[in-house]
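These notes are about the structure you will find just below.
The values are calculated or read from the model by the stated rules, or taken from the named source; none is laboratory data. Quick caveat, the model's predicted, so the values are computed rather than measured. Cβ: placed from backbone, ideal geometry, glycine included. Neighbour counts: every protein chain shown. For the accessible areas, the whole protein counts, side chains as well, though only heavy atoms, and no ligand, DNA or RNA atoms are used. Shrake-Rupley method; radii C 1.70, N 1.55, O 1.52, S 1.80 Å.
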Amino acid sequence: MGRGSTSWPGAFGVPLLAALAAGLTVTVAGCGAVGSGQARGAPSTTPVPASPSPRVTSDVDLCVSIVGHWSREVLDGRGYGDYQSMGMSGGQYEILREVVDAARAARRQGKYDVDTLIDRQAREGCEAWYRGGGPGEGPWR
């Protein structure tokens, strides 16, 4: 090469190559998988909290809730009277009728803790019903 020509990389070439190489390293290191939660190639040290599992309501608890709710409604004169419109099975409706009868008798006797009576009798009735197999094949059972 002659005078006036510079050889590669020359005076500006080395710093330029170093800058390009550094930029390439930063660019490549900054690539993470989409949604990986990692930025700039740094591994995540923060644990991802597990999402809580939904609570599963047992058949007995669901029965107690439905019977308790509608027992109070019927006792206060707001019940529909038709077990299907209340979303109940025939067995649950039988429990409801027994609970309401007991609650009415307790009211007549002046017992003020009718809510506790409803809760207790609904639980006892539903537990006995499901212990015996619960609903059958049809909605009326």
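Residues of the range 126-137 that are in contact (Cβ under 8 Å) with a residue 60 or more places away in the chain and either more than 22 Å from Val74 (Cα to Cα) or among the small types (Gly, Ala, Ser) (or both): Tyr130, Gly134. Counting the residues of the range 53-81 that are part of a loop (DSSP other than H, G, I, E, B), among the charged types (D, E, K, R) and open to solvent by less than 70 Å² (accessible area, probe 1.4 Å) gives 0. Residues of the range 82-114 that are farther than 26 Å from Gly133 by Cα and open to solvent by 50 Å² or more (accessible area, probe 1.4 Å): Arg104, Arg107, Arg108, Gln109, Lys111, Tyr112, Asp113. For first residues located in the range 66-84 and of a type in the set (D, E, K, R), partners that are open to solvent by less than 40 Å² (accessible area, probe 1.4 Å) and lie 6+ apart or on another chain with Cβ distances below 7 Å form the pairs Arg72/Ile118; Glu73/Gly79. Among the residues of the range 77-106, those that are charged (D, E, K, R) and at pLDDT 90 or above comprise Glu94, Arg97, Glu98, Asp101, Arg104.
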